[in-house]
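The values are calculated or read from the model by the stated rules, or taken from the named source; none is laboratory data. Keep in mind that this is a model prediction, so the values were computed, not measured. Positions of Cβ are generated from backbone atoms using ideal geometry, with glycine treated the same way; all protein chains shown enter the neighbour counts. Side chains are part of the model used for accessible areas, which takes the heavy atoms of the whole protein and leaves out ligands, DNA and RNA. Shrake-Rupley method; radii C 1.70, N 1.55, O 1.52, S 1.80 Å.
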Amino acid sequence: MLTRGSRRKGRSSANPRQRLLHGWDWADPRIELEELAPASRVLVTAGAGEVIATLADAGHHVTAIGANREQLDYARRRAAGGPFEPGAAERLFELGRGMVRAASPAWSRRRVRQFLQEDDPMRATAVWKEQLDNRTLASILRTMLGPAGMLSALVLRDFSTPIPPHFDEAIRGRIARALRKHAPAGNPYAWRLLLGEDLPGHRLPRVDTASIAWIDAPLLDHLERADPGTYDAISLSNVVDGADERWVRDLRKAAIRAVAPGGPIIARSFATTMDDDAAKRARRDRAMLWGSIVVIR
């Protein structure tokens with residue numbers, strides 16, 4: 001995830017708070033691996049370093065970019081095999097989980113951990129519907145993720161990203177959708193989202209960070225300076241969520257120019273979409289959060 005803060009020449013620029021915003025990546029790199037040609041030169045928003053490490057380990061030539069120096073340094077440490085450190089996103093999720101646990105016995109840590117060990121998608125879906133997706137969860141999510149909700153305010157403060165309307169209903173539906181396709185026993189994002197722990201035994205690739213180019217700069221500034229065809233692909237996470245239209249137009253123009261002809265530009269969004277292909281990609285992403293994953297070529 002990448003934040004935007006200040007305005008520069010009428011556009012929204014990447015100027016995040018200089019602190020750790022998220023310690024886990026909430027994007028499934030399998031999507032990128034499906035779209036990239038072998039040994040691609042790929043520009044990736046640095047995030048928590050997990051997507052970067054996975055792509056580099058798969059043989060791609062990765063350039064990691066971020067305007068938040070603390071987040072960029074953390075991504076470098078994480079890609080080199082460093083330990084997980086919770087950021088603002090993880091603290092927000094834990095706040096929400098704590099409220100649900102306090103109000104609903106079905107959400108105790110023991111019961112959720114037991115649920116997450118289920119390796120059959122259909123049984124997991126049934127437990128979700130019958131026990132976990134209850135009135136307490138619906139009520140708390142509606143209160144916290146509504147326009148005046150506490151989590152909505154904190155997300156806007158820390159990430160400069162507004163929560164889409166009806167996101168409380170959307171996230172419950174996306175969890176159910178993911179469970180039908182990805183059994184929780186093998187899904188690290190299910191463990192992170194629902195329990196706040198990593199999947200037992202889950203290990204990230206450890207890569208030589210000297211093989212990765214690290215760029216401390218706003219995304220749009222870098223793309224506007226890049227030579228045509230500098231990259232074979234670009235992965236942008238959810239940088240367009242909450243951005244003004246002019247900034248998005250400028251970003252799209254600069255990204256298309258910086259990518260070699262036919263190369264993919266991959267962008268995730270929390271918002272729902274009428275684009276069937278983008279919605280199908282979001283369903284393949286195990287992270288359970290995304291409404292659309294657009295690929296522009």
Report summary line: For the stretch 160-228, the percent of accessible surface on carbon and sulfur atoms (probe 1.4 angstrom, ligands and nucleic acids excluded) is 49
Query - Radius of gyration and Dmax over the Cα atoms of the stretch 116-186, both given in Å - result: 14.0, 39
Report summary line: Toy charge model, Lys and Arg Cβ at +1, Asp and Glu Cβ at -1: the stretch 55-182 dipole around Cα centroid in debye, rounded to 20, equals 300
**Report entry** Computed label-point distance, nm, for sites ASP120 and MET274 using a 7 Å Cα→Cβ extension
**Finding:** 4.1
Report task. Could you rank LEU156, LEU137 by how accessible they are, 1.4 Å probe, largest area first? Result -> LEU156, LEU137
Query - the chain, dipole about Cα centre (Lys/Arg Cβ +1, Asp/Glu Cβ -1), debye to the nearest 20 - result: 600
Report summary line: For ARG41, other-chain or 5+-apart residues with amide H closer than 5 Å (H placed, Pro excluded) are HIS61, ASP232, ALA233
Requested in this report: Mind checking the per residue accessible area of the stretch 213-297 for me, 1.4 Å probe, whole number of Å²?
Outcome: 43
**Report entry** Accessible-area ranking of ARG206, ARG286, ARG135, ARG91, largest first, probe 1.4 Å
**Finding:** ARG135, ARG206, ARG91, ARG286
Requested in this report: Compute the signed sum of charges (Lys and Arg +1, Asp and Glu -1) over the other residues within less than 13 Å, Cβ to Cβ, of ALA255.
Outcome: +2
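What is the Cα radius of gyration of the stretch 111-263 over 2.2 N^0.38 Å, N being its residue count?
In units of the 2.2 N^0.38 Å rule of thumb, it is 1.34.
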Report summary line: Across 10 Å bins beginning at 0, the whole-percent shares of Cα-Cα pair distances in the stretch 185-273 come to 14, 32, 30, 22, 2
Query raised in the report: 222 nm [θ] for the chain, helices only, -39500 (n - 2.57) per DSSP H run of 4+, per residue, to 500?
Result: -13000 deg cm²/dmol
Query raised in the report: Helix 245-258 versus the longest principal axis of the chain: what is the Cα-based angle in degrees, 0 to 90, to the nearest 10?
Result: 60
**Report entry** Theoretical gain in end-to-end length, MET150 to ARG91 [0.36 nm per residue, Cα-Cα removed]
**Finding:** 19.9 nm
Report summary line: Expressed in angstrom, Rg and Dmax over the Cα atoms of the chain are 18.6, 57
Report summary line: Length gained if ARG101 through ARG113 is fully extended, taking 0.36 nm per residue and subtracting the Cα-Cα distance, is 3.1 nm
Report summary line: Quick calc, the stretch 70-126, dipole around Cα centre from Cβ unit charges on Lys, Arg (+) and Asp, Glu (-), nearest 20 debye, gives 240
Query raised in the report: Rounded, prolate or oblate: which fits the stretch 70-167 when a ≥ b ≥ c are the square roots of the eigenvalues of the alpha-carbon gyration tensor, with rounded for a/c under 1.5 and prolate only if a/b beats b/c?
Result: oblate
**Report entry** Relative contact order (percent, whole number), the chain, Cα cutoff 8 Å, 6+ residue spacing
**Finding:** 24
Report summary line: In whole angstrom, the spacing between the Cα centers of the stretch 202-228 and the stretch 35-112 equals 15
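How many Å³ per residue does the convex hull of the Cα positions in the stretch 143-182 occupy?
That works out to 72 Å³ per residue.
With all protein chains present, how much of the accessible area of the stretch 62-143 (probe radius 1.4 Å) comes from carbon and sulfur, to the nearest whole percent?
Values: 2180 of 4160 Å².
Percent of accessible area from carbon and sulfur atoms in the stretch 62-143: 52.
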Report summary line: Order by accessible surface, 1.4 Å probe, largest leading, for residues ASP276, ASP244, ASP285 comes to ASP276, ASP244, ASP285
Query raised in the report: Hey, rough spin-label estimate for ARG203 and ASP244, points 7 angstrom out along Cα→Cβ, what's it come to in nanometres?
Result: 4.9
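Per residue, how large is the accessible surface of the stretch 56-105? Use a 1.4 angstrom probe and give square angstrom.
43
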Requested in this report: Might you work out the accessible area of PHE167 for me, using a 1.4 Å probe with all protein chains in place, and round it to the nearest 10 Å²?
Outcome: 20
